[in-house]
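First up is the structure itself, then whatever we jot down about it.
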Amino acid sequence: MTSPAATPAYRRLSVEERRTQLLDAALSLFAHRAPEDVSLDDVAETAGVSRPLVYRYFPGGKQQLYEAALRSAADELELCFAQPQSGPLTQRLSHALDRYLAFVDEHDAGFSALLQGGSVAETSRTTAIVDEVRRAAAEQILLHLEVENPGARLRMMVRTWIAAVEAASLIWLDEEKQPPLPELRDWLVDHLVALLTATAATDPQAAAVVRAALALEPGDGPAGLLARRVIPVLAEAAHLL
């Protein structure tokens, strides 16, 4: 006679494990719904726990839980641009954007609510968290440009590109996630190369960055493909020279 299967032993989660479980549940909800449309009951149901347990870990209620979930998402976003500083610049940017855009794709509605603001859950603290992500991304890009003391123009150029990446991501969501992610990624890489080149025309520091970066780019890489697409267009404007 076969003995009945043993019931799996119940394992009590540690404080950190339980907190992570609740944050994961909250992030899964905030990923697809605006903060004001998510209740603590929703979080409790998704995590498979009671509402009082959610309050035990987040006595400040939904606002505290939202800010903690936002902080967790921000930490993940900041890591997107942390890429080893080896290989061609465009290759590094492509890998970083692949991670960033995958996050956007996975957290679509939540990403929109996060960046567009206007949520009833928005506070000076949540705004500061979002701005911290932007600054951290800019610092990572400057590291990839390998400039020890970037000047004002180079910093402004990088932060302008970060803003463009955010705007393009939001528009991509509005456009029902078109074009396909690989095309969006390549387009954004082209944007940085173009911005950097335009900045190099009037900024010696940016010019040095461009020379060093292009020296490492293969002819069949993104920079080479961009040059072959742009040169014929510029050739038609020879009268400007």
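List of remarks:
- Verdict on A200 being small (G, A, S), free of Cβ contacts under 8 Å to residues at least 40 places away in the same chain and open to solvent by less than 50 Å² (accessible area, probe 1.4 Å): yes
- Residue satisfying all of: in segment 127-150; more than 10 Å from F81 (Cα to Cα) and acidic (D, E); least open to solvent (accessible area, probe 1.4 Å) among these: D131
- Listed by first and then second residue, the pairs with beta-carbon distance under 8 Å, at least 6 apart or on different chains, first residue in segment 207-224 and more than 24 Å from E183 (Cβ to Cβ), second of a type in the set (V, I, T) and part of a helix (DSSP H, G or I), are V210/T197.
- E166 being out of contact with any strand residue (DSSP E or B) (no Cβ under 8 Å at 6 or more places or on another chain) and either among the aromatic types (F, W, Y) or open to solvent by 50 Å² or more (accessible area, probe 1.4 Å) (or both): no
- Single condition R33 does not satisfy, out of (1) closer than 30 Å to E139 by Cβ; (2) in contact (Cβ under 8 Å) with a residue 40 or more places away in the chain; (3) of a type outside the set (V, I, T): (1)
Every residue, every condition in (1) touching a helix residue (DSSP H, G or I) at 6+ places or on another chain (Cβ under 6 Å); (2) farther than 30 Å from G60 by Cα; (3) without any contact (Cβ under 8 Å) to a residue 12 or more places away in the chain, yes or no:
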site: S124; (1), (2), (3): no, no, yes
site: T127; (1), (2), (3): no, no, yes
site: V133; (1), (2), (3): yes, no, no
site: Q140; (1), (2), (3): no, yes, no
site: E148; (1), (2), (3): no, yes, yes
site: E175; (1), (2), (3): no, yes, yes
site: P180; (1), (2), (3): no, yes, yes
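- Lone qualifier among L184, L226, L214 - being crowded, with 16+ Cβ neighbours inside 10 Å and under 20 Å from the mean Cα position of the chain (by Cα): L184
The values are calculated or read from the model by the stated rules, or taken from the named source; none is laboratory data. If you're wondering where the values come from, they're calculated on a predicted model, not measured in any experiment. Positions of Cβ are backbone-derived with ideal geometry, glycine not excepted, and every protein chain shown enters the neighbour counts. Side chains included, ligands, DNA and RNA excluded: accessible areas come from the protein's heavy atoms. Shrake-Rupley method; radii C 1.70, N 1.55, O 1.52, S 1.80 Å.
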